[in-house]
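Peer 1: Below is a structure I'd like to ask you about.
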Amino acid sequence: MNSDRYSRQSFLGADSQDLISKCTIAVVGLGGGGSHVVQQLAHIGFQRYVIYDYDVVEESNLNRLVGATLSDSLAETPKLHLAKMTIFGLQREARVRGFSCKWQENPEPLRECQIVIGCVDSYKARQELEIACRRYLIHYIDIGMDVHSKDQLVIGGQVILSSPSSLCMKCMGFLTDETLAREAAQYGNAGERPQVVWPNGVLASTAVGLAVDLVTNWTRSDRLHAWLVYNGNENTVKESHTLRNRQTTSCPHFSDADVGDPVLREL
Amino acid sequence: MSIQFKLTGALYREIMRDLERPHRFAAERVGFVSGRMGSLSAGGKLVLVTRYHCIPDDCYIDDPDVGARVNSEAITRAMHAVYHGRSLREGIFHVHLHQHHGEPVPSKTDWREIPKIMPGFQAVGRQAAHGMILLSADHAVAWVWLPGGEPTISDSISVIGIPIRVFERKALQ
């Protein structure tokens, strides 16, 4: 390996490439957001991956799926395969464990990770991933985008960091009983979710930036939780007002003691 | 079979802070941590460290032949932790710090003394993993007595904080 390869990111720290190469990172969902994430992680030098996606490339993905071509939509190439090609194209020695299933169907590999980046579509899916990450002591980074229409169309999105011993997505005000209930009521009637490439790119880049900071702490921010709000109309990413105005300093929803495989206890 | 450990950054700092404190006469400090098991692929085990049990100053015995020797009260407290963690299959791990950098290796005294306390822990918490964790200034290694098994060395210990630390055995790198 050419020693110049990472010279332009040496500001991350003298031992940053060693730290990055030892980190096992999962990406759940390899669509519009996940394909960007995987590509950036491979460029940065991550070597150990756990990736999940059971979908194949369709024509409607080509507006945003990084690495996908017309041929892939015709051949219905698995998104998992595209992600592996991207990683191995940049990191020949990478250890990639890819699973063409829901992560819940094979959760053990996820537990070995230090970071999980969730690129999933629903609040429920986010909540389930966060619960697993808390149970097995994993930093969870969530990304998502949507297009809202009230008076005018607005592209919105979020990047959230939820770490063990810190605030969770409920504490931050992102996941609420109302949003989960509303989503459950609309189950099966979600319609077409608007997705475009550039917000996914912004959100994925922000998530990868958080991941690199978790591994290297190059910013010295010591940040264990974050909710960053993307406004695609203004092209801004700002700290959530909801989070900033919260007085919560500790998480009542998860305890560091509630970890490991669930055990049935006799009453 | 892979055995991996994880603990939060906050807990790691708590352990290090306590073990680095000087003692009135002991050359080093020791402690215990509780650890709960999770399952990994291919029969691997994940030990999630949940809390630290500091050993009070007056539980140390003045013995210049070893870095630290603790009395029966310290062991009894550890046994209590195992007893109360039985329903959660929570085991106990002796922990101490070697004052150097790099991968720690158990001393002859470590190998002679620490395994002696394992049968007691195993008798109380039969379904839990017990063992010892050795820390250095920038590394860590664990030896694990799985239920009904011989001691096995861990593959890695991950500190889930900022920055993330993954302490791996040199042999695996």
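Peer 1: Got a sec? Which of A:GLU239, A:GLU183, A:GLU234, A:GLU178 is touching a residue at least 60 places away in the same chain (Cβ under 8 Å) and acidic (Asp, Glu)?
Peer 2: Result: A:GLU183 is the single residue among A:GLU239, A:GLU183, A:GLU234, A:GLU178 that is touching a residue at least 60 places away in the same chain (Cβ under 8 Å) and acidic (Asp, Glu).
Peer 1: Taking the stretch B:118-144 as the search range and keeping residues that are in contact with a helix residue (DSSP H, G or I) (Cβ under 6 Å, 6 or more places away or on another chain) and in contact (Cβ under 8 Å) with a residue 40 or more places away in the chain, which one is nearest to B:LEU40 (Cα to Cα)? Quick ask: steps written out before the conclusion?
Peer 2: To start, the set of residues in the stretch B:118-144 that are in contact with a helix residue (DSSP H, G or I) (Cβ under 6 Å, 6 or more places away or on another chain) comprises B:121, B:124-125, B:130, B:132.
Filter once more, so that each one left must be in contact (Cβ under 8 Å) with a residue 40 or more places away in the chain: B:121, B:124-125, B:130.
Values: B:PHE121: 24, B:VAL124: 25, B:GLY125: 21, B:HIS130: 18 Å.
Ranking the candidates gives B:HIS130 first.
Peer 1: Considering the stretch B:40-58 alone, what residues qualify as being over 13 Å from the mean Cα position of the chain (by Cα) and either part of a helix (DSSP H, G or I) or within 14 Å of chain A (Cβ to nearest Cβ) (or both)?
Peer 2: Listed by number, the residues that qualify are B:LEU40, B:SER41, B:ALA42, B:GLY43, B:GLY44, B:LYS45, B:LEU46, B:ASP57, B:ASP58.
Yes or no, residue by residue, for (1) in contact with a strand residue (DSSP E or B) (Cβ under 7 Å, 6 or more places away or on another chain); (2) more than 30 Å from A:LEU19 (Cβ to Cβ); (3) not in a loop (DSSP other than H, G, I, E, B):
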| residue | (1), (2), (3) |
| --- | --- |
| A:ALA125 | no, no, yes |
| A:CYS133 | yes, no, yes |
| A:ASP151 | no, yes, no |
| A:GLN158 | yes, no, yes |
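Peer 1: Another question about this same structure. Name, by its number, the condition in (1) surrounded by 14 or more Cβ atoms within 10 Å (Cβ to Cβ); (2) within 30 Å of B:HIS53 (Cα to Cα); (3) within 14 Å of chain B (Cβ to nearest Cβ) that does not hold for A:HIS253.
Peer 2: (3)
Peer 1: Let me ask something additional. Which members of the stretch B:1-25 meet the condition of being part of a helix (DSSP H, G or I) and closer than 22 Å to B:LEU46 by Cα?
Peer 2: Our first condition is that a residue be part of a helix (DSSP H, G or I); within the stretch B:1-25, this holds for B:9-20.
Of everything in the stretch B:1-25, those that are part of a helix (DSSP H, G or I) and closer than 22 Å to B:LEU46 by Cα turn out to be B:GLY9, B:ALA10, B:LEU11, B:TYR12, B:ARG13, B:GLU14, B:ILE15, B:MET16.
Peer 1: Testing A:TYR140 on (1) in contact with a helix residue (DSSP H, G or I) (Cβ under 8 Å, 6 or more places away or on another chain); (2) in a helix (DSSP H, G or I); (3) surrounded by 16 or more Cβ atoms within 10 Å (Cβ to Cβ), one condition comes back false. Which one is that?
Peer 2: Every listed condition holds for A:TYR140 apart from (2).
Peer 1: Another question, if that's okay. Can you name every residue in the stretch A:206-226 that is in a loop (DSSP other than H, G, I, E, B), out of contact with any strand residue (DSSP E or B) (no Cβ under 9 Å at 6 or more places or on another chain) and not basic (Lys, Arg)?
Peer 2: We begin by selecting, within the stretch A:206-226, every residue in a loop (DSSP other than H, G, I, E, B); these are A:217-224.
From what is left, the residues that are out of contact with any strand residue (DSSP E or B) (no Cβ under 9 Å at 6 or more places or on another chain) are A:217-222.
Result: A:ASN217, A:TRP218, A:THR219, A:SER221, A:ASP222.
Peer 1: Check B:PHE167, B:PHE121 and return the single one that is away from chain A (no Cβ under 14 Å) and among the hydrophobic types (A, V, I, L, M, F, W, C). It would help to see each step written out before you state the result.
Peer 2: Numbers: B:PHE167 fails: away from chain A (no Cβ under 14 Å).
Being away from chain A (no Cβ under 14 Å) and among the hydrophobic types (A, V, I, L, M, F, W, C) holds for just one of B:PHE167, B:PHE121, which is B:PHE121.
Peer 1: I'd like the full set of residues that are more than 16 Å from the chain's Cα centre (by Cα), facing chain A (nearest Cβ under 10 Å) and surrounded by 20 or more Cβ atoms within 10 Å (Cβ to Cβ), limited to the stretch B:10-39.
Peer 2: Selection gives B:GLY38 alone.
Peer 1: Looking only at the stretch B:125-173, which residues are exposed (fewer than 14 other Cβ atoms within 10 Å of the Cβ) and part of a loop (DSSP other than H, G, I, E, B)?
Peer 2: B:ARG126, B:ALA137, B:ASP138, B:GLY148, B:GLY149, B:GLU150, B:GLN173
Peer 1: Applying the selection to the stretch A:227-244, what residues are part of a helix (DSSP H, G or I) and among the polar types (S, T, N, Q)? Spell out the reasoning first.
Peer 2: If we filter the stretch A:227-244 for residues that are part of a helix (DSSP H, G or I), which is where we start, we get A:241-244.
Within the stretch A:227-244, A:THR242 is the sole residue that qualifies.
Peer 1: Tell me which residues, restricted to the stretch A:1-43, are in contact with a Phe, Trp or Tyr (Cβ under 8 Å, 6 or more places away or on another chain) and either of a type in the set (Lys, Arg) or part of a helix (DSSP H, G or I) (or both). Working first, answer last.
Peer 2: Of the residues in the stretch A:1-43, the ones in contact with a Phe, Trp or Tyr (Cβ under 8 Å, 6 or more places away or on another chain) are A:11-13, A:16-17, A:20-21, A:23-30, A:38, A:41.
Answer for the stretch A:1-43, where residues must be in contact with a Phe, Trp or Tyr (Cβ under 8 Å, 6 or more places away or on another chain) and either of a type in the set (Lys, Arg) or part of a helix (DSSP H, G or I) (or both): A:PHE11, A:LEU12, A:SER16, A:GLN17, A:ILE20, A:SER21, A:VAL38, A:LEU41.
Peer 1: Restrict the check to the stretch A:180-198 and report whether at least one residue is modelled with pLDDT of 95 or more, surrounded by 13 or more Cβ atoms within 10 Å (Cβ to Cβ) and not in a loop (DSSP other than H, G, I, E, B).
Peer 2: To start, the set of residues in the stretch A:180-198 that are modelled with pLDDT of 95 or more comprises A:197-198.
Adding the requirement that they be surrounded by 13 or more Cβ atoms within 10 Å (Cβ to Cβ) leaves A:197.
Keeping just the survivors that are not in a loop (DSSP other than H, G, I, E, B) gives A:197.
Yes; the residues of the stretch A:180-198 include at least one that is modelled with pLDDT of 95 or more, surrounded by 13 or more Cβ atoms within 10 Å (Cβ to Cβ) and not in a loop (DSSP other than H, G, I, E, B).
Peer 1: Please enumerate the residues belonging to the stretch B:88-117 that are surrounded by 13 or more Cβ atoms within 10 Å (Cβ to Cβ), within 14 Å of chain A (Cβ to nearest Cβ) and either without any contact (Cβ under 8 Å) to a residue 40 or more places away in the chain or in a helix (DSSP H, G or I) (or both).
Peer 2: B:LEU88
Peer 1: Ok, one more. Tell me, which helices (runs of 4 or more DSSP H) wholly within the stretch A:69-118 include 2 or more residues that are more than 14 Å from every other protein chain (Cβ to nearest Cβ)?
Peer 2: Working: elements: A:70-75, A:79-90, A:108-111.
Where helices (runs of 4 or more DSSP H) fall fully within the stretch A:69-118 and carry at least 2 residues being more than 14 Å from every other protein chain (Cβ to nearest Cβ), they are A:70-75, A:79-90.
Peer 1: Residues that are exposed (fewer than 13 other Cβ atoms within 10 Å of the Cβ) and either touching a residue at least 24 places away in the same chain (Cβ under 8 Å) or within 12 Å of another protein chain (Cβ to nearest Cβ) (or both): does the stretch B:74-82 have at least one?
Peer 2: No.
Peer 1: So A:LYS170 fits all but one of (1) touching a residue at least 60 places away in the same chain (Cβ under 8 Å); (2) surrounded by fewer than 11 Cβ atoms within 10 Å (Cβ to Cβ); what number is the exception?
Peer 2: With (1) touching a residue at least 60 places away in the same chain (Cβ under 8 Å); (2) surrounded by fewer than 11 Cβ atoms within 10 Å (Cβ to Cβ) applied to A:LYS170, the lone miss is (2).
The values are calculated or read from the model by the stated rules, or taken from the named source; none is laboratory data. Nothing here was measured: the structure is a model prediction, and the numbers come from that model. In this analysis, Cβ positions are derived from the backbone assuming ideal geometry, glycine residues included, and neighbour counts consider all displayed protein chains.
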